[in-house]
1. How much length would be gained if the chain were fully extended between Arg195 and Asn164, taking 0.36 nm per residue of separation minus their Cα-Cα distance, in nm to one decimal?
2. Using a 1.4 angstrom probe on heavy atoms only, work out the carbon and sulfur share of the accessible area of segment 98-214 in %.
3. With point charges of +1 on the Cβ of Lys and Arg and -1 on the Cβ of Asp and Glu, referenced to the Cα centre of segment 104-214, which listed residue (Phe150, Ala130, Thr113) lies farthest in the positive direction of the dipole?
4. Let me see the P(r) profile for segment 108-188: every Cα-Cα distance counted, bins of 10 Å, each bin given as a percent of all pairs.
5. Please list 3J(HN,Hα) in residue order for segment 96-106, calculated via the Karplus relation 6.51 cos²θ - 1.76 cosθ + 1.60 where θ = phi - 60°; whole Hz, with x for glycine and proline.
6. Taking θ as phi - 60°, what are the ³J(HN,Hα) couplings along segment 165-177 by the Karplus curve (6.51, -1.76, 1.60), each to the nearest whole Hz, with x for Gly and Pro?
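The values are calculated or read from the model by the stated rules, or taken from the named source; none is laboratory data. These numbers were taken from a predicted model, which means no experiment stands behind them. Note that each Cβ is placed from the backbone with ideal geometry, even for glycine, and that neighbours are counted across all protein chains shown. Note: accessible area is taken over every heavy atom of the protein model, side chains too, but ligands, DNA and RNA are not part of it. Shrake-Rupley method; radii C 1.70, N 1.55, O 1.52, S 1.80 Å.
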Amino acid sequence: MSRFHDPAGALRPATLSLAGLAIASVAVAAIALNAGRPTGPSEAAAASQPVPRASAPAAVEPTPVATPVATPVATPKPANTPETDPGQDAIPLTVELVTVDGHAVTVDIVDRTGSIVSAISGQPAEGASAEGLSVVNIDARTLRLTWVDFPIANRDALFVDAVNGKLRMLLVQPPPTATTDAIGFDRVLILKFDRPVDAGSVGATIQEGLDTAG
């Protein structure tokens, strides 16, 4: 069998190999170009933006609450009206009197002038010396009141008022509630005022029993 040499066939493999090498070179160059290409504007801006951090919640200030303040309520004062029983009135001062006959006698003083600064018992003499309610000056600001009562234990009441700028005194003296001697004894009360008082200008009255005291 005779063999023959094919010039074209001997050269075909070499030609194919050169073509493949060219294609591979083009692919490598393309990869290299893509790797070295700079990042686009939008991609660069996105990369440069800082990552936002979660902000801490703002502290909530407590709302001040107004504290309620109690409003004082004025208490009305009762009118100074004498009661039928002097023991039921607003008595600012009670004096225990000295008695010659030894009976317990007190005087409740209701001073509606506010001018009496002190009240004490005087020293009575034996027997009875006064007619009605006697008022005399001891000094410019001191008065001595004298009246007569039966020899009994008693509770008198003296109301002191100012009428037209002058003092008015009303002594309420309860009568005896049982049989007693007819002889009377002096009762003496001494009042000191915060201003000069003229005994001659004082109106003085005795009222027996517990009727209206003024």
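1. Numbers: separation 31, 0.36 × 31 = 11.16 nm, distance 1.64 nm.
Full extension of this stretch gives 9.5 nm more.
2. On the way: 2880 of 5690 Å².
Taking all protein chains in place, segment 98-214 shows 51 percent carbon and sulfur surface.
3. Ranked along the dipole, the leading option is Thr113.
4. 15, 48, 28, 8, 0
5. Along segment 96-106, the couplings run 8, 8, 7, 10, 6, 7, x, 8, 7, 10, 10 Hz.
6. So the Karplus estimates, Gly and Pro as x, are x, 10, 6, 10, 10, 10, 9, 9, 10, x, x, x, 9 Hz.
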